Every structure is written in C-alpha cells, then in structure tokens.
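Structure record follows, encoded as structure tokens.
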Amino acid sequence: MIRIPGGTCSDLCDPQLKLTRRDLLRVGGASMLGLTLGSLFKLQAFAGEAGNLAGGPGWGLAKNVVMIYLQGGPSHLDLWDPKDNVPDNIRSVFKPIPTKIPGVNFTEVLPELAKVNDKFTMIRSMGYTPNGLFNHTAAIYQIMTGYTTDKVSPSGQLEPPDPKDFPNFGSEIIRLRPMTDPMLPFVMLPRPLQESNVVGKGGSAGFLGKAFEPYRLFPEGDDMDMSKMDHIKVDDLKLPPEVFSLRLERRAHLREAIEAATPDVEKAVENYDLDDYYQRALNLIISGRARKAFDLTQESETMRDRYGRNTFGQSCLLARRLIEAGTRVVEVIWPKIANSDYHSWDCHSDLTNRMKDRSAPMLDKGLAAFMADMDASGLLKETLVVVIGEFGRSPKRGVSTSGNANTEDGRDHWPYCYTSIIAGAGVKQGYVHGKSDKTGSSPTEDPVHPTELLATVYHAFGIDPDTIVYNQLKQPRELVKAKPVTKLFS
C-alpha cells in the first residue's frame with residue numbers, strides 16, 4: 001500500500017481526484033517539470049570524468065565561460081587590426097585610433113573598446129587552411145565542436161543538426177564539470193546559429209544526448225527587433241497559477257512513498273542519489289533563481305543604457321547576470337545571421353555604412369561595457385571570455401574568395417588570418433598574441449588555429465583536451481585534437 005506523506009489534497013486544485021496512473025507517471029515533479037530537469041542533472045552526473053593529466057599556466061582557473069560569437073565573420077582589418085602603408089583596396093576606410101596599449105591601434109568605429117583593451121588579450125594570428133570551410137556553417141561547426149564534418153558541399157553548406165553530431169563545447173563542459181547549484185548550467189541566446197536554412201548546426205549536445213543540451217533563450221521577434229530582449233519568456237521556469245510550491249513538494253512526497261514501497265528498485269539505484277537529482281530540479285523551479293537572472297528590469301536604467309538598448313547589448317548584460325547567478329556556460333550569438341544585410345558581419349557589399357552605423361557601434365558599446373563590468377565586479381577572475389567569429393574578411397575589397405559576389409565596398413570570407421579576443425581566468429591583460437603580415441593576409445608570429453583556442457578553453461577548466469569521449473557508435477574520440485595555447489595565460 002502506498003501512503004502519501006503530508007496532508008490531504010484539499011488545498012490543491014484537484015482535491016476531488018484520487019491517486020491515478022497519470023499521477024504515478026508524473027513522479028519526479030509537476031507535469032511541466034516531469035523527468036526533464038531531474039533527468040538532466042542525473043544524466044550529467046552519470047557522465048565520465050575528465051582526465052587530470054594536464055597542467056601548466058591557466059590550468060583549472062575558470063569556473064565559467066562566456067563565448068560571444070560574432071557569427072558572419074567580422075573584418076579584422078576594419079575593426080582591430082588596421083594596416084597602414086597598403087594599397088587603397090586593402091586599407092580600411094576607417095581611420096586608426098590609439099588604444100590603452102601603446103602602439104596598438106583599433107579603427108575609429110571602436111572608441112569604447114579602445115579604452116578597455118588593457119583588460120583582455122587580442123589574438124591577431126587566428127587562422128586555418130579551409131577544407132570545405134570557406135562558408136559559414138562548416139566553419140561554425142569547427143569552432144563550436146572542434147571537429148569538421150565529412151558531409152560538406154563545395155560551398156561549405158552542411159546538413160541540418162543531427163543526433164550524431166559532435167557536441168558543442170558547452171555541452172562537454174557541463175558534462176565534465178557538472179553543476180551543484182540549482183541553476184541552468186548552459187544557456188544559449190538570443191538566436192540559434194544559422195546560415196540560410198541550416199539552423200542550429202554546432203549548437204547542440206549531439207551524441208552526448210539531450211541531458212546536455214543548452215537552455216535556448218530565443219525571444220520572439222525577428223533580427224531587426226532591437227527590443228526583443230524586453231519580451232523574454234521563461235514559462236518552463238515559472239510556476240503556473242494552478243501549481244505552487246506546496247503542490248510540487250507534495251509530489252516529492254509521493255515519489256518518496258513509491259521508492260519506499262519498492263525496495264528492490266531503491267537498492268538498484270542506491271549509488272545514484274536520485275533524491276539529490278530530483279531535489280536540485282525542484283530547487284531550480286521553486287527558488288526562482290533562473291527567473292530572477294533573466295529579469296533585466298532588475299538592472300538600473302543607467303546600466304541598461306550603458307550596454308546599449310539593442311539585442312546584442314542586452315544579451316551581454318544578461319550574460320553577466322547569468323554568470324552571477326551561477327550558470328557555467330553562456331553563448332551569446334550575434335543577433336543577425338550571415339547571408340543577410342543591415343547589421344550582419346557578412347559584408348560582401350556596403351561595408352562602410354553597415355559597420356559604421358550599425359554593427360560596430362553595437363559591438364563597441366556592448367562588449368566594452370561587458371568587459372568593464374565583469375572586471376569591476378570581480379567575475380572576470382573566474383570567468384573565461386572568448387570573442388570570436390568563424391573567420392575574417394579578405395584583405396582586398398571587391399574580390400571573390402568563396403564564390404560570392406563582392407562590390408568594391410565589400411570583403412569576402414578569409415579564414416587564413418583574423419582576430420579574436422580572450423579574457424579572464426588567468427589570461428594576460430593588455431597583451432597582443434601573434435601578429436599578422438602587412439596586409440592582414442596571414443599570421444607571421446604565433447599562429448593559433450580555432451581548435452587550439454577551443455583546447456585552451458578546456459584547459460582553463462582543468463579539462464585535458466585529450467580526454468576521451470565516446471560517440472554514438474562507442475568509438476573513442478578526443479574532446480579536441482589540439483593543444484592549448486598556454487602563452488595566453490599569465
């Protein structure tokens with residue numbers, strides 16, 4: 001006989017109902033909780049442990065990571081690696097300006113970032129030789145997973161996401177460094193990775209399974225809706241009016257009663273601490289911790305203005321709030337897809353107007369505020385920040401490198417050389433790593449491959465990049481086939 005501890009059901013919305021088969025199927029939480037969050041925590045803990053064979057500068061200093069992904073491929077020559085004494089079709093139309101680091105110039109479209117580049121490292125020698133990676137989707141997949149895929153068309157376009165895909169690095173991190181606090185471990189915002197009709201490639205847990213999927217915060221509204229972050233809905237993290245804390249707790253008692261009535265099952269799972277996983281899921285819902293983190297109205301109007309009243313700026317502000325609340329991995333994806341206009345970084349034409357009036361001001365204000373805010377709050381000490389696109393833009397304007405048409409005021413895709421930013425968790429401040437040649441065409445010092453940067457992220461978490469993960473066929477694979485760049489750390 002099953003006895004449900006606690007009072008009668010008179011205080012619930014359905015006091016006339018007896019215990020039903022459906023009630024039993026809901027053990028583990030209310031219908032909106034079900035086994036989803038509980039299973040998520042449980043399956044994360046069942047995952048294997050990372051190796052502890054590595055070490056060196058920066059090892060294990062990161063507790064959290066924020067990747068700010070500049071999807072579309074921003075022009076390094078027109079942002080943070082301008083060149084002098086070059087032909088007019090190479091030189092940026094924007095004037096160079098000094099930064100906080102003597103001898104290091106940005107262009108005039110990044111005045112705020114020029115004031116805070118003493119807080120991060122710039123890698124001016126990113127690059128790789130493309131193998132089906134000249135277009136966005138394949139290049140995105142590489143930096144997000146550390147792997148390329150066999151099924152790449154000549155244009156670089158990939159097939160839609162598949163459960164057999166390699167996992168996003170964030171999924172690997174929360175598997176190997178599981179959460180203990182009642183908070184969402186991995187959040188992706190404000191839109192999915194996308195090129196053309198391929199949506200979400202490289203942004204899933206792949207063969208790790210749904211337990212390690214990110215929480216996807218994609219507010220309603222198109223990419224031109226600059227106020228879409230004001231309309232965030234997190235209904236699955238909210239108790240509906242008809243379900244309140246007492247009801248959830250009563251269902252917890254129901255589950256305890258069933259376990260007490262099934263000692264054989266209890267014995268079979270005694271090493272898995274199922275009550276702990278359930279309680280963590282329950283705590284996440286009842287505490288409201290995640291909902292509070294998503295509430296941007298808790299910030300002052302001054303602070304919100306400081307980040308910029310647009311999708312990118314408010315996404316950066318939300319990333320800071322999520323890290324404060326305990327989220328381990330946050331991915332902020334540039335809010336305009338490639339193969340589009342206006343504030344997309346994919347500037348095959350009209351580069352001057354699009355960067356000067358649209359994309360660069362949003363990047364400059366939002367990222368500068370985020371870096372300064374993270375540093376002032378002390379969060380940067382334990383939070384690794386990576387800012388990167390899938391590639392740069394061609395040194396020469398008006399030429400085709402990927403089969404796309406380009407006007408005289410446009411640059412094509414260029415994976416051979418570009419710039420990224422890394423900060424926090426022991427990374428050097430005010431440092432420039434590597435160097436590009438006089439036209440920004442290729443690295444001349446300390447080249448860094450995107451997979452090496454990904455290996456550096458794992459290294460910062462105390463995870464050996466050589467750690468083995470088994471795919472859906474039980475085949476062993478390294479997290480990433482690359483070594484970390486330890487020169488980036490103090």
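Each value in this text was obtained by applying a stated rule to the coordinates, not by laboratory testing. Every value quoted in this text rests on a predicted model; they were computed, and no experiment measured them. Here the Cβ is made from the backbone with ideal geometry for all residues, glycine too, and neighbour counts use every protein chain on show.
Between Asp409 and Ser490, the modelled label-to-label distance comes to 4.4 nm, taking each label 7 Å out from Cα in the direction of the beta carbon.
With a cut-off of 14 Å between beta carbons, the residues surrounding Leu453 carry a summed charge of +1, where Lys and Arg count +1 and Asp and Glu -1.
Shape analysis of the stretch 106-148 places it in the prolate category; the axes a ≥ b ≥ c from the Cα gyration tensor give an a/c of at least 1.5, with a/b above b/c.
In this structure, Asp437 and Asp341 have a Cβ-Cβ separation that, at R0 = 41 Å, corresponds to a calculated FRET efficiency of about 0.85. Computed from backbone phi with θ = phi - 60° and the Karplus coefficients 6.51, -1.76 and 1.60, the 3J(HN,Hα) list for the stretch 345-358 is 7, 7, 8, 7, 7, 6, 4, 4, 5, 5, 7, 5, 9, 10 Hz; x is used for glycine and proline. Going by the alpha-carbon gyration tensor, a ≥ b ≥ c the square roots of its eigenvalues, is the stretch 394-490 rounded (a/c under 1.5) or, if a/c is not under 1.5, prolate (a/b greater than b/c) versus oblate? Since a/c reaches 1.5 but b/c is at least a/b, the shape of the stretch 394-490 is classed as oblate.
Charged side chains reduced to their Cβ positions (Lys and Arg at +1, Asp and Glu at -1) give the stretch 387-443 a dipole of some 220 debye around its Cα centre.
Of interest is the spacing of the C-alpha centroids, which for the stretch 430-490 and the stretch 173-208 amounts to 20 Å. Within the shell of other residues whose beta carbon sits under 13 angstrom from the beta carbon of Gly426, the net charge comes to +3, with Lys and Arg scored +1 and Asp and Glu -1. Each of the peptides 472-484, 197-209 was scored by the mean count of other Cβ atoms within 10 Å over its residues; in descending order, highest first, they stand as 197-209, 472-484. Is the stretch 116-232 rounded, prolate or oblate when judged by the Cα gyration tensor, a ≥ b ≥ c being the square roots of its eigenvalues, rounded requiring a/c under 1.5 and prolate requiring a/b larger than b/c? It comes out rounded by the Cα gyration axes. Which listed residue (Gly434, Leu317, Asn353) has the Cα farthest towards the positive end of the charge dipole for the stretch 311-437, taking +1 on Lys and Arg C-beta and -1 on Asp and Glu C-beta about the Cα centre? The listed residue farthest towards the positive side: Gly434. Model label sites at Lys233 and Lys474, defined 7 Å from Cα along the beta-carbon direction, differ in position by 4.4 nm.
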